[in-house]
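Notes to accompany the following structure.
The values are calculated or read from the model by the stated rules, or taken from the named source; none is laboratory data. For clarity, every value in this text was computed on a predicted model and none was experimentally measured. Counting neighbours? That spans all protein chains shown, and the Cβs are built from the backbone with ideal geometry, glycine included. Accessible surface areas use protein heavy atoms only, side chains included; no ligands, DNA or RNA. Shrake-Rupley method; radii C 1.70, N 1.55, O 1.52, S 1.80 Å.
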Amino acid sequence: TPIDYPISLDFDAENGTFEPCPQVTPRHLSDLKEMFSDQSTVAQILRENDPLIYEIRYYPFTTTKSDMALAVTRIFPGTIGNEFYMTKGHKHQREDQPEVYYCVRGEGFLLLDTLEGEFRAIPWRAGVITHIPPMWAHRVVNTGNDLLVFIGVFHLSAGHDYDIVARKGFAYRVLSRNGKPELIKQD
Ligand code: F6R
Ligand code: ZN
C-alpha cells in the first residue's frame, strides 16, 4: 500500500541492518550456484551444506506517484574454490533505470558490464558512491576478511534480469591468489 508521508529508518552501518525492516532475502550458495566458475567445488560444498553468501534487506518507499526503494546488502567474507563471495548480479529490465550504490563497509569490487563489450571494475571500499547507468549489469564482490555492506537505491519498476548474466557472464572474475584479489578475463 502506498504511503505518502515521510519515512525514516534507523540504519546500523556496522551491521548493515535497519529498523523497521519489512523484508530480508537470504541468498545461499544454491541460489547462485551457476554463477561461480568452479562447479566441482560448488557441487562438493552443496553435498555437505548450503552456506549463506549474502543477505538483502529491502524497504519499498512506495507512494501513490513513485516507487523508489532501498536495499542494503551484506556480503559475508569467503570463497568458493578460489572465487570470492559475490552477488548474483543482474541487469535492470527497463532500459531507463539507473541505480546508486554506496559502499558503507568493507572492501571489494563493483563490477559493471554492458554485456556488449564495455566493462569496469571499480575498486570498492567504505565511502565510495557509484552511479550505475541504465543497461549496465552490476555485481559486488567481497575481497576482504570481513563483512561488506552497501546500499542500493533504485525504482521497484526497474525489474531484474538475472538470466542474461547467467547466460553471458561478466567479462572478468575476481579470484583469490594467495589471498589477494586478481581480475581474470573470461573467455
Ligand atoms: C537492486 C540492486 C540490489 C541487489 C542486491 C542483491 O536493483 O541492484 O539491491 O538486488 O544487492 O544482488 P542481486 O540482486 O544481484 O542478487
Ligand atoms: Zn540493480
Per the filter on the range 51-110, residues hydroxyl-bearing (S, T, Y) and either in contact with a Ser or Thr (Cβ under 9 Å, 6 or more places away or on another chain) or within 11 Å of ligand 2 (Cβ to nearest atom) (or both) are Y54, Y58, T62, T73, T79, Y85, T87, Y101, Y102
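With touching a residue at least 40 places away in the same chain (Cβ under 8 Å) and in contact with a Gly (Cβ under 8 Å, 6 or more places away or on another chain) as the only criterion, which of F18, F36 stands out?
Values: F18 fails: in contact with a Gly (Cβ under 8 Å, 6 or more places away or on another chain).
The conditions single out F36.
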Scanning the range 41-56 residue by residue, those without any contact (Cβ under 8 Å) to a residue 40 or more places away in the chain and more than 12 Å from ligand 1 (Cβ to nearest atom) turn out to be V42, A43, Q44, I45, L46, R47, E48, N49, D50, P51, L52
Within the range 154-174, residues within 9 Å of ligand 1 (Cβ to nearest atom), in a strand (DSSP E or B) and open to solvent by 50 Å² or more (accessible area, probe 1.4 Å) come out as H155, H160
When (1) within 10 Å of ligand 2 (Cβ to nearest atom); (2) open to solvent by 20 Å² or more (accessible area, probe 1.4 Å) are applied to I132, the one that fails is (2)
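Listed here are the residues, each with its yes/no results for (1) polar (S, T, N, Q); (2) farther than 23 Å from D67 by Cβ; (3) within 9 Å of ligand 1 (Cβ to nearest atom); (4) touching a Pro at 6+ places or on another chain (Cβ under 8 Å).
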| site | (1), (2), (3), (4) |
| --- | --- |
| Y85 | no, yes, no, yes |
| H90 | no, no, yes, no |
| Q93 | yes, no, no, no |
| Q97 | yes, no, yes, yes |
| Y101 | no, no, yes, no |
| T114 | yes, yes, no, no |
| A126 | no, yes, no, no |
| P133 | no, no, no, yes |
| H138 | no, no, yes, no |
Counting only strands (runs of 3 or more DSSP E) wholly inside the range 14-83, the ones holding at least 2 residues that are exposed (fewer than 15 other Cβ atoms within 10 Å of the Cβ) are 23-28, 67-75
